[in-house]
Each structure stands twice: as C-alpha cells, then as structure tokens.
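Trainee: One structure coming up, written as structure tokens, with questions to follow.
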Amino acid sequence: MTDETTPAPERETRAGFVALIGAPNAGKSTLLNQLVGAKVSIVSRKVQTTRALVRGIAIEGDAQIIFVDTPGIFAPKRRLDRAMVTSAWGGAGDADVVCLLLDARKGLDEESETILARLPELKQKKGLILNKVDLIERSKLLEMAAALNERLPFDHTFMVSALTGSGVDRMREVLAREMPASPWLYPEDQVSDAPLRMLAAEITREKLYERLHDELPYESTVETEQWQTRKDGSVRIEQTIYVERESQRKIVLGKAGQTIKAIGQSARREIAEAAEAEVHLFLFVKVRENWADDPERYREMGLEFPKG
C-alpha cells in the first residue's frame with residue numbers, strides 16, 4: 001500500500017551546452033537542424049554564412065541539450081571575419097562539451113588543422129564528428145578516426161551524415177549523458193533561443209544566397225524592420241536587404257523585380273512555418289556603403305565589434 005498523499009519523486013533533469021565548431025561548410029548548420037528536428041540555422045553552399053552563435057534546443061530523455069552552431073573558423077581577413085572567429089571560440093569556451101565537425105571527404109585540411117591544434121587549450125570534454133560518412137569508404141573512415149584520436153584523444157567519436165540524419169540519434173543520446181544535472185533552461189517546446197525576427201531575417205538571407213550564389217557578395221545582410229501581428233492572427237513583416245553598391249541592388253531586384261519576388265515567395269513560406277501564422281512579407285533593397293564597418297550592425301547580429 002502506498003500513501004496516496006506522498007508526492008511523486010521529482011525526476012532528475014540535465015541541461016547543458018554543446019558547441020559545434022569546424023571549418024566553414026563542414027555541415028554544422030545542417031547537423032544542428034537535424035539534431036533539433038527543426039530549421040533553426042541558415043544552410044547555404046556559400047561559406048561563412050553563419051555569422052553569430054545560433055542555439056538549437058533538443059530534448060533527449062530527461063536531458064535538454066542546447067547546441068551552439070558557431071560561425072565557421074577560418075583565417076580572418078576582414079573585420080566581420082575577425083568578429084565571427086572570436087564569436088566561434090567564445091562559444092566553444094562557454095560550452096560543457098565541444099565537438100569538432102569535419103567533412104570526412106576533405107579530412108584534415110588547413111583550417112581544420114588550425115582548430116585541432118587549439119583544442120587542447122579547452123578544458124571541456126571533446127567530441128569528434130565525422131560528417132558525410134555515406135560518401136567515403138568505411139576503411140578510410142576508420143583510419144581517419146584512429147589518426148585523429150592519436151593526435152588528440154577525443155572523449156567520443158561520432159560518424160554521421162547530417163544530410164540524411166544517419167548516426168544523429170546516437171550522437172544525441174551520448175551527449176545527453178554528458179550534460180550536468182540541472183533544471184531545464186528553456187521551455188519544453190522551444191527549439192531555438194533566436195527571436196523570430198532574427199530567424200526570419202536569416203531565412204531571407206538564405207534564400208538570397210540560394211538564388212544569387214555566385215553573383216552576390218558575402219557582405220550583404222537582411223534586417224527585419226517591422227513585425228506586426230494583425231487582428232486575424234496573420235503577421236505583416238517588412239525586411240530590408242542591405243548591399244554595398246548600386247550594381248548589387250540591381251542584381252537583387254532582377255529584371256522587372258522578378259528576382260526579389262522569387263526570393264520573397266520562398267522566404268515567406270519558411271517564415272510562415274517558423275511563425276506558425278500566415279505571413280505577409282515585404283522586401284526592400286537598399287545600398288548602405290561600408291555597413292561591415294558599422295558597430296551597430298554587429299550588435300544586431302549578436303557579434304562584438306572588433307577594434308582596428
């Protein structure tokens with residue numbers, strides 16, 4: 001017989017942070033979206049598209065794992081590059097577990113080599129993630145994993161395909177066990193800590209790159225200027241795409257506005273899905289010279305403005 005007035009024991013929960021670091025285009029954003037089971041990070045063929053720290057939240061059993069998709073780590077040349085690399089290492093330093101993601105087809109290229117050399121400076125547990133394993137022979141994969149673990153003994157080695165989701169469930173289960181005992185840090189149904197306004201801007205930026213991959217320079221940005229919820233539950237959103245030159249503005253608009261119209265239609269569908277509401281999206285294109293040297297723009301992206 002049990003006393004019906006005795007409260008049920010509280011379950012022990014865990015919560016913590018896992019930083020995903022790696023060279024540009026290793027597949028961090030695609031992997032993050034798989035781990036969380038929702039679109040939280042911009043995915044593009046264009047390198048260095050993740051600019052600020054993007055946090056995606058996954059639940060695994062009694063554990064809440066906050067995955068931090070850091071900007072790709074590369075040799076910085078410009079001020080924006082330096083801000084992104086500083087942000088990436090800062091995100092790694094604050095995490096409970098740091099995972100190095102490598103494109104298994106490329107192996108240890110120069111950028112990944114630089115990251116590997118710095119990893120021993122971090123005290124946290126470390127994981128090695130070999131991505132795109134479906135595109136390489138198993139024997140080569142095992143050789144690569146063994147060689148990398150000789151260089152730096154990783155606590156865990158994961159072999160995944162971020163695109164298909166293969167190996168991702170096991171990775172989430174293992175990392176859940178590494179999370180410290182803690183109350184959950186976010187509501188159970190929340191998948192990202194990025195405000196919807198920011199996510200909406202990122203979605204439009206992704207569509208911009210998809211459409212104009214080779215024509216549009218990397219120094220373009222999107223800002224959500226207005227977000228108005230109407231009485232019928234729909235949302236009216238105004239966004240501005242900023243470019244650095246008039247010639248770029250014409251490329252984004254396209255002949256008779258066809259390019260901007262296609263970008264808007266594609267972005268609106270995904271933003272509506274994220275906002276769970278009907279969306280009316282209005283896009284504007286403006287020239288703002290040297291925006292990459294404006295401290296205010298960095299604050300809006302969640303980056304620290306590098307001096308000098």
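Trainee: Heads up, I need the accessible area for Glu12: 1.4 angstrom probe, whole protein in place, Å², nearest 10.
Mentor: Its accessible surface works out to 130 Å², give or take rounding.
Trainee: Right, next: Please give the length that would be gained between Leu122 and Arg170 if that part of the chain were fully extended, namely 0.36 nm times their separation in residues minus their C-alpha to C-alpha distance (nm, one decimal).
Mentor: That works out to 14.8 nm of additional length.
Trainee: Which distance in nm do the two modelled labels at Arg151 and Ser139 give, with both placed 7 Å along the Cα-to-Cβ direction?
Mentor: A separation of 2.3 nm, rounded to one decimal place.
Trainee: Taking 35 Å as R0, compute the FRET efficiency from the Cβ-Cβ separation of Ala262 and Lys231 and round it to 0.05.
Mentor: Details: r = 30 Å, r/R0 = 0.85.
Computed FRET efficiency for Ala262 and Lys231 comes out at 0.70.
Trainee: Between Asp62 and Gln190, what length in nm is gained on full extension when 0.36 nm per residue of separation is reduced by their alpha carbon distance?
Mentor: Length gained, Asp62 through Gln190: 44.6 nm.
Trainee: Please name whichever of Ser220, Ile241, Ile263 sits farthest to the positive end of the charge dipole of the stretch 215-266, dipole taken about the Cα centre and charges placed at Cβ: Lys and Arg +1, Asp and Glu -1.
Mentor: Ile263
Trainee: Quick check for you: which residues of the stretch 156-185 have the amide N under 14 Å from the point 7 Å beyond the Cα of Arg105 toward its beta carbon?
Mentor: 161-164
Trainee: Collect residues whose amide H, placed 1.01 Å from N in the peptide plane, falls under 5 Å from the amide H of Glu225; neighbours closer than 5 in sequence don't count.
Mentor: Here the answer is Glu238, Gln239, Thr240, since their amide H atoms fall under 5 Å of that of Glu225.
Trainee: Right, next: Rolling a 1.4 angstrom probe over the protein chains, ignoring ligands and nucleic acids, what is the accessible area of Ile136 in square angstrom, nearest 10?
Mentor: Solvent-accessible area, nearest 10 Å²: 40 Å².
Trainee: Next question. Test of understanding: extend the Cα→C-beta vector of Val287 to 7 Å, then name every residue of the stretch 238-274 with backbone N under 12 Å from that spot.
Mentor: Backbone N within reach: 243-251.
The values are calculated or read from the model by the stated rules, or taken from the named source; none is laboratory data. Quick caveat, the model's predicted, so the values are computed rather than measured. So basically every Cβ, Gly included, is an ideal-geometry build from the backbone, and we count neighbours across all protein chains shown. Quick note on the areas: whole protein, heavy atoms, side chains included, nothing else; ligands and nucleic acids left out. Shrake-Rupley method; radii C 1.70, N 1.55, O 1.52, S 1.80 Å.
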